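Have a look at the structure below, then the notes.
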Amino acid sequence: MKSCRFICWAVACAAVFSLYCQPAVSDQAFSNQSTFSNQITVSQRVTANASPEDLLEVARRSLSAGRLDDAEVLLKALLKNGHHTDEAEFLLALVAMERGNYLVAEIYLTGLLLRQPDQHRIKLELARAYFFQEKDREAEKLFREVLKEAPPQAVSINIRTFLNRVEKRKPVRWNLAFSLVPDSNFNAATNDE
């Protein structure tokens, strides 16, 4: 069992390192391949000396280039082979967000936030996941928490944009109240004659 895990780890490392060292295949070629063929493509370009840090870097670059399948294969290989890092989970959450799998992203990000409650980036991404699932109360709470910490101006503007969108989705509620009060001085006259 351990030898099988080691072989799988070596293949994944090699694939990642090969991607890292070779020029990237065009985005068009990647977009035309299925997830399974991406895994084979990644596995075919293997060299056995890739470190977990190298795999993370290649996964980051794949995610930035929009090669979500490649990033996911690499990140899951890292987690599966005992290199369970918060960064790998965070990147998997971003992959899920890019695919519109907001519940999966929420699961990863909630776990991360429990371990790192002061990380604003995790809070922001979790707030976005809540927002896209229309869990507006949770999203608003996290956005406001980050806004209280005086983030950079660009981040503040982005947060306010989301908060405005949350406000627009809130249902309009009217509250109308009236009461009947007896009037002891019906003719509006004073007691003075």
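Taking label positions 7 Å along the Cα-Cβ direction at both Val172 and His120, the computed distance is 3.6 nm, reported to one decimal.
Pair-distance distribution P(r) for the stretch 56-107, from all Cα-Cα distances in 10 Å bins starting at 0: 30, 59, 12 percent. Semi-axes of the equivalent ellipsoid for the stretch 82-155, computed as √(5λ) from the eigenvalues of its C-alpha gyration tensor and ordered from largest down, come to 20, 15, 10 Å.
Charge tally around Arg99: other residues with Cβ under 11 Å, Lys/Arg +1 each, Asp/Glu -1 each, net -3. Phe132 exposes around 80 Å² of accessible area when a 1.4 Å probe is run over every protein chain in place. To the nearest 10, the accessible area of Arg144 is 100 Å² with a 1.4 Å probe.
The values are calculated or read from the model by the stated rules, or taken from the named source; none is laboratory data. Because the structure is predicted, anything quoted here is derived from the model rather than measured. No Cβ is skipped: glycine too gets one built from the backbone with ideal geometry, and neighbour counts run over all protein chains shown. Just the protein is used for accessible areas: all its heavy atoms, side chains included, with ligands, DNA and RNA removed. Shrake-Rupley method; radii C 1.70, N 1.55, O 1.52, S 1.80 Å.
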